[in-house]
1. Assuming R0 = 30 Å, can you tell me the calculated FRET efficiency for the pair residue 317 and residue 237, based on Cβ-Cβ distance, to the nearest 0.05?
2. Per-residue counts of other Cβ atoms within 10 Å, averaged by peptide: what ranking do you get for 162-173, 123-134, highest first?
3. So what is the relative contact order of the range 87-197, in percent, for Cα pairs below 8 Å that sit 6 or more residues apart?
4. Label residue 305 and residue 228 with points 7 Å out from Cα along Cα→Cβ: what is the distance between them in nm?
5. Give the whole-number value, in cubic angstrom per residue, of the convex hull volume spanned by the C-alpha atoms of the range 87-227.
6. Return the Rg/Rh value of the range 243-302, two decimal places, where both radii are evaluated on C-alpha atoms and Rh is the Kirkwood radius.
7. Sketch the reach of a paramagnetic label on residue 147 as a point 7 Å from Cα along Cα-to-Cβ, and name the residues of the range 101-133 whose backbone nitrogen lies under 17 Å away.
8. Assuming 1.306 mPa s and 10 °C, estimate D for the chain with Stokes-Einstein, Rh taken as the Kirkwood radius over Cα pairs, in µm²/s.
Amino acid sequence: MKIWIDLANSPHVLFFAPLVREFERRGIEVTCTARDFAQTLGLARLHRLRVESIGRHGGKSALGKAREILARTMALRLFARTARPDIAVSHNSYAQALAARSLGIPFVTLMDYEHTPANHLSFRVADRILLPSVVQSGAVARYGASARKVTPYVGFKEQVYLEDFEPQAGAFAGLLAEDVVRRCVVAIARPPADFAIYHRFRNPLFDLWLDRVGHDPGLRVVLFPRTREQRDRALALRLPSVVIPDREIDGPNVIYHADLVVSAGGTMNREAAVLGTPAYSLFAGRSAAVDEALEALGRLVFVRRAEDLGAIRLNKSAARSRLRNPDLRGQIVTAILGAAARLAA
């Protein structure tokens, strides 16, 4: 069997890297493609994944996105014709979904945000959909995720790769001096995905918070922009307490060693919640079921209004309580291989 995995965004690298190793351990051939976007290629190299770089991001406009998805679909079709995979797998890669369907390759997708309009594409094209069990069937049925297509898994996707995470010393080497890390509160920050299909609204909360804390001498904010435009905009602010890495960073390691994480939604908040680092979400869209579940567990705090920004506690934090899930990786691997066997029959 040959599995084709497409990495369309940087969090996909972390999620799929241990799955690739597990597939290969079982003697299954894996081939990977990756989009040149948001440190995806750099992280793939960091995690020693062999990938073929195909396509890039289409920018903020809907027309630009559509054009790039179609262009990448055609390029992925050419790749798949040569690679001849038995099954295509991704975390909602729209271009891979279209390429696989056009070539008659069974397509399995995973997703953990049920409200993005683009689910209409990937869910309807998919032969099998893997979703967190906390996602209600009614929230995804309208996108084409029928009961016969959906396989639920118990847990959070970040646990797939964080279960065997081991913290390493020197997490902030080259970013912050050791005495600064000891003396100051260290926050990891991630701006909104203002280019994404699901983020078609203004969200000033993150910029407001960053401006408030950017001059605090007792705080250091390690900011991870999602795009070059966000990076350039942040650098132009010249905030003395904000540090922006200029290379790929081991995200989970800096999150574990930080005192808090502030993000406008997404993977970093969930990684922090799983690792036990205080996490605050400034996401302004509809909350994902997985984030609401983490909130219910007391591992994620939503901040939805400017007057509530004070709820973000800028304190040194030492205690770490991990959210363990040793069976999840096996669940995911079994579900993908089971889907492949049934779809090939």
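1. Values: r = 26 Å, r/R0 = 0.87.
After rounding to 0.05, the efficiency reads 0.70.
2. Working: 162-173: 14.2, 123-134: 20.7.
Going from most to least packed, we get 123-134, 162-173.
3. The value is 19 percent.
4. 4.1
5. On the way: hull volume 23.0 nm³, N = 141.
Each residue corresponds to 163 Å³ of Cα convex hull volume.
6. Working: Rg = 11.5 Å, Rh = 11.7 Å.
Value, to two decimals: 0.98.
7. Inside the label zone: 129, 131, 133.
8. Values: Rh = 20.7 Å.
D = 77 µm²/s.
The values are calculated or read from the model by the stated rules, or taken from the named source; none is laboratory data. Computed from a predicted model, the values in this text were never measured in an experiment. FYI the Cβ positions are ideal-geometry reconstructions off the backbone, even for glycines, and counts take in every protein chain you see. The accessibility values were calculated without ligands, DNA or RNA, using every heavy atom of the protein model including side chains. Shrake-Rupley method; radii C 1.70, N 1.55, O 1.52, S 1.80 Å.
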